[in-house]
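Only one structure is covered here, and it is reproduced in the block below.
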Amino acid sequence: HRYIRGNTPGATWFFTVNLLQRRGNDLLVRHVGLLRQCVAMERERRPFAILAWVVLPEHMHWLWRLPPEDADFSTRWRRIKTAFSKALPVTESRSPVRQQRNERGIWQRRFWEHHIRDQADMDAHLRHCWFNPVKHGLVDRPEAWPYSSVHREIAAGRFG
């Protein structure tokens, strides 16, 4: 079965990216500085706009807008995930298949993407980013979660 991803240049996309082992895993917030570095390095190589983001302990959500004439978010995600993985020591358990392929056991292989179609869709996914830590019981209000672009929105007067 071959999965075909969207291919719309200059589009806005919402992503959910998960760690392979989600239960009790706080790897993303423990290494959020490294994650930010990996995203920044990829943005230097292949620019894209980050409209919103939230990093939770074991998964994250992002809203990206790609440049005109560019639809390749998959390469960007592959490079971000690879850079993050390579910067960490190998301590995770790996399945025999992952060992044979010399793959790390950090990330789920795939990620979920959704093409943002209009302003209502954008607004819904912005709220999803901001309120996801509340939904998961990590904080009682979005601004209490430190790993979120909601703070940028508050500073700009666009949240509240």
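For segment 98-133, name all the residues that are basic (K, R) and out of contact with any Phe, Trp or Tyr (no Cβ under 9 Å at 6 or more places or on another chain). Outline the logic, then answer.
Going residue by residue through segment 98-133, those that are basic (K, R) are 98, 101, 104, 109-110, 117, 127.
Selection gives R98, R101, R104, R109, R117, R127.
Taking only pairs six or more apart or across chains, which ones have beta-carbon atoms under 6 Å, a first residue in segment 31-44 that is over 10 Å from A87 (Cβ atoms), and a second residue that is surrounded by 13 or more Cβ atoms within 10 Å (Cβ to Cβ) and among the aliphatic types (A, V, I, L, M)?
Correct list of pairs: V32/V55; V39/I80; E42/I80.
Is it true that R36 is modelled with pLDDT of 95 or more, within 14 Å of the chain's Cα centre (by Cα) and either open to solvent by 70 Å² or more (accessible area, probe 1.4 Å) or charged (D, E, K, R) (or both)?
Details: modelled with pLDDT of 95 or more: yes; within 14 Å of the chain's Cα centre (by Cα): yes; either open to solvent by 70 Å² or more (accessible area, probe 1.4 Å) or charged (D, E, K, R) (or both): yes.
Judged against the criteria, R36 is a match.
The values are calculated or read from the model by the stated rules, or taken from the named source; none is laboratory data. These numbers come from a predicted model, not from an experiment. As a convention, Cβ positions derive from the backbone with ideal geometry for all residues, glycine included, and neighbour counts pool all protein chains shown. Heads up: the accessible areas ignore ligands, DNA and RNA and are worked out on the full protein's heavy atoms, side chains in. Shrake-Rupley method; radii C 1.70, N 1.55, O 1.52, S 1.80 Å.
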